[in-house]
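What follows is a short report on a single structure.
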């Protein structure tokens, strides 16, 4: 199936909301993260990531420091820089990036191998612990950076480095007589090789991705074989002996993919893997892999997905739990997992035009991905809870992973640069470009030039989404173009309307898209109205954590109660079943954002005297009227520490 990737040089995001986030990443986040990976952020966990490359390149003395996958922070920073340079040239930033690329090239071994941990600390142990040590994961992120930097700047230096690295990996791994029949504990190389194939059209790279995917889970198990070979030693001693080797479901290696029925294990690993599988399935026209993607997507999206677009219900293994087990306060929902979910959804959209994937992609973007970064661009969430009671966190160790406020940096800092690269590359997610149809997936304001089989289609999308309901799509092509536009009709919108040049228009509606085919010419204007009433969301009856509760959503945004507006003891608040909602524009921190109020109730102690833990026959509380204020959940924890919850008891 022919898919054309939008050229980000010809796509300019002008959105008043997400455009502001892109500027924040360009002006604040990228410089801040450059300081972080150079260990210049006071009171933040040290990174040493750039220093590791300098040591590996022989430019300074010292020991490797940091996580075994520390190299990936530099790769993701470079990818964010590449997409940022597409939006706005910055000679000084590009010069800095070029210097980092020269450093990476100097750290690369003659045979193409590239990994500072093993080069500096354990050169004799290369490729001996795939289950635990992230060599192929780091390689994947570096390959993604090389592809992005080539597409963003036209410069081939890093692309040549990663091609040499991919060639080395292709030489080491496979089913040949002298090759390792291994595959990564943390998927990433698969999707990266598919991106490298897109750019180079080198068939060996797609074949290598296919090998890694198809080898996974075969017997005898490679993780057991390499564990025996290295004398039953384990890298992650603090988690118990060889737990990553033994818990093969953790890395989706317990079965061949064709036998897996549920989304399982580490959530980030799962969606990274499935992103590569979906890409391969489309390009190779492999129906069995397409069915694998459909089956596992269905399980994840229908039984293991949070209302916020978060995945990974438990901190143990940063992993999925069982179907319909979605705790709100102990949830993990790593920021990287929702980013990977967007990547998986995008590849599913490229495989088949079904708006369910764009609905999930939008849910993840506007809630968990945006919520993973503070409004100042300098503080970040790794874990994204749906309910927080800060007073309990220091004492109850089931909450050890939960933070009540965003952190400046992390010793394991995968999430901050991941957020930066997804926001700078956002243009890749707005459209699915096919020769005969342009699918509009996300209503982010932008101007774009899109290739079609009949010439270039130029259009401009404007509005104030997700706060206001009207979206304008203007055709600005100087030459008429016969083409089909497919407008996504979001699952949260019950009654969308479309006007073409002021007249109501109807087209074929199929799998959540409205298809409009005509000879488009300059001056044509589509007005899409997506009414955004405040809607109550009720959980599936099998989800016990949502029983008797209700959540609030307006447009794609999920809302929450926060202590700063509603006081403490949020568990005592109730939302009446028939209460009316008022929307209004916020001020200060919430300027240009829509807030929601309604009248509800608060359970308060019936006596000023201390209450016993329980009492017989009558409740020790009285119900009092209370105005409830809901804020967009992605904004929570920007006003200091306090309670928060999404799901509220319904009176």
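Taking the Cβ-Cβ separation of residue 412 and residue 597 as r and a Förster radius of 35 Å, what is the calculated FRET efficiency to the nearest 0.05?
The computed FRET efficiency comes out at 0.35.
Can you give me the distance in nm between label points at residue 536 and residue 622, each placed 7 Å from the Cα along the Cα-to-Cβ direction?
Taking the two extended label points, one gets 2.7 nm.
If each residue's Cβ is checked for other Cβ atoms within 10 Å, how do 233, 200, 424, 119 rank with the fewest at the top? Can you show the working numbers first?
Numbers: 233 13, 200 17, 424 27, 119 22.
Ranked by crowding around the Cβ, least crowded first: 233, 200, 119, 424.
What is the Cα convex hull volume of region 72-182 when expressed per residue in Å³?
Measuring per residue, one finds 99 Å³ for the Cα hull of region 72-182.
Answer rounded, prolate or oblate for region 324-387, using the Cα gyration tensor with square roots of eigenvalues a ≥ b ≥ c: rounded when a/c is under 1.5, else prolate when a/b is larger than b/c, else oblate.
Since a/c reaches 1.5 but b/c is at least a/b, the shape of region 324-387 is classed as oblate.
Please report the Cα spread of region 369-466 along all three principal axes, rounded to whole Å, starting with the longest.
Principal axes ranked by extent give 64, 26, 24 Å for the Cα atoms.
Inverting the mean 1/r over all pairs of different Cα atoms, compute the Kirkwood radius of region 491-547 and quote it in Å.
On the way: mean 1/r = 0.0694 Å⁻¹.
About 14.4 Å, per the Kirkwood formula over Cα pairs.
For a protection proxy built on the mean count of beta-carbon atoms within 10 angstrom, sort 54-63, 429-438 highest first, please.
By packing density, highest mean first, the sequence is 429-438, 54-63.
Based on Cα coordinates alone, diagonalise the gyration tensor for region 535-650, multiply each eigenvalue by 5, take square roots, and list the semi-axes in whole Å, largest first.
That gives 26, 18, 13 Å for the three semi-axes.
So, in Å, what gap is there between the alpha-carbon centers of region 77-125 and region 164-200?
19
When a footprinting reagent is the concern and you count Cβ atoms within 10 Å, what order do 307, 13 take, fewest first? Write down the numbers at each step before the final one.
Working: 307 19, 13 22.
Placing the least packed residue first, the sequence is 307, 13.
With the cut-off at 1.5 for a/c, could you classify region 434-529 from its C-alpha gyration tensor as rounded, prolate or oblate?
prolate
In whole angstrom, note down how far apart the Cα centers of region 204-281 and region 568-593 are.
The two parts, judged by their Cα centres, are 44 Å apart.
Give the relative contact order (percent, whole number) for the chain; include only Cα pairs under 8 Å separated by 6+ residues.
Relative contact order of the chain: 12 percent.
Quick one: check the C-alpha center-to-center distance for region 424-475 versus region 365-409, whole angstrom.
33
Could you tell me what fraction of 2.2 N^0.38 Å the Cα radius of gyration of the chain comes to, as a two-decimal ratio?
0.97
Calculate the FRET efficiency for residue 219 and residue 298 from the Cβ-Cβ distance with a Förster distance of 22 Å, rounded to the nearest 0.05. Display every interim value, and only then the final one.
Numbers: r = 27 Å, r/R0 = 1.22.
Efficiency for this residue pair is about 0.25.
Most exposed first by the Cβ proxy, i.e. fewest other Cβ within 10 Å, how do 271, 543 rank?
Taking fewest neighbouring Cβ atoms as first place, the list is 543, 271.
Please give the length that would be gained between residue 609 and residue 525 if that part of the chain were fully extended, namely 0.36 nm times their separation in residues minus their C-alpha to C-alpha distance (nm, one decimal).
Length gained between residue 609 and residue 525: 23.6 nm.
Readers should treat all values here as calculations from the given coordinates under stated rules, not as data from a laboratory. Source: prediction; values computed, not measured. Here Cβ is always computed from backbone atoms with ideal geometry, including for glycine, and neighbour counts include all displayed protein chains.
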